[in-house]
Amino acid sequence: MTLTFARLFQLRVYVIQGNSMSPTIKDGQHLVVRSVGTSVPRLPRRSLVIVQDRRGPEPSYVKRVVGLPGETVSIQDGLLFVDGAHLDEPYLGR
């Protein structure tokens, strides 16, 4: 059985539509993503993830991990706080 490189490493290509992740990712950019399926590993803060809508194969959403399990996340006056401590996140575009 011959596997392609992409299938072997569970890679998918996504084309970004929209600017919600700008300036990190811009409209029209291509992302090559390693799929982890439903067994999500513990991801470090600021990791980017693609979340698929369970109602169908599209749309998918690119999101940034800002809070870790057990933490409380809040936004106050456009600033991000985790467990009451301010996290400097320049992408918020204050």
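Kindly provide the set of residues from the stretch 74-90 that are exposed (fewer than 12 other Cβ atoms within 10 Å of the Cβ), in a loop (DSSP other than H, G, I, E, B) and at pLDDT 90 or above, ordered by number.
Of the residues in the stretch 74-90, the ones exposed (fewer than 12 other Cβ atoms within 10 Å of the Cβ) are 74-78, 84-86, 88, 90.
Restricting the remaining residues to those that are in a loop (DSSP other than H, G, I, E, B) gives 77-78, 84, 88.
84, the sole residue that qualifies.
Check 58, 71 and return the single one that is open to solvent by 50 Å² or more (accessible area, probe 1.4 Å), assigned to a loop (DSSP other than H, G, I, E, B), at pLDDT below 85 and among the acidic types (Asp, Glu).
Values: 71 fails: at pLDDT below 85.
Exactly one of 58, 71 is open to solvent by 50 Å² or more (accessible area, probe 1.4 Å), assigned to a loop (DSSP other than H, G, I, E, B), at pLDDT below 85 and among the acidic types (Asp, Glu), namely 58.
Kindly indicate the residue of the stretch 32-49 that is of a type in the set (D, E, K, R) and part of a loop (DSSP other than H, G, I, E, B) and also modelled with the lowest pLDDT among those meeting that condition.
Going residue by residue through the stretch 32-49, those that are of a type in the set (D, E, K, R) are 34, 42, 45-46.
Checking which are part of a loop (DSSP other than H, G, I, E, B) leaves us with 42, 45-46.
Numbers: 42: 79, 45: 87, 46: 84.
Per the criteria, the residue is 42.
Given the conditions (1) on the phi < 0 side of the Ramachandran plot; (2) exposed (fewer than 12 other Cβ atoms within 10 Å of the Cβ); (3) at pLDDT below 80, which single one is not true for residue 10?
Here residue 10 meets the rest and fails (1).
The values are calculated or read from the model by the stated rules, or taken from the named source; none is laboratory data. Here the structure is a predicted model, which means the values were calculated and not measured. We place every Cβ from the backbone using ideal geometry, glycine too, and count neighbours over all the protein chains shown. Heads up: the accessible areas ignore ligands, DNA and RNA and are worked out on the full protein's heavy atoms, side chains in. Shrake-Rupley method; radii C 1.70, N 1.55, O 1.52, S 1.80 Å.
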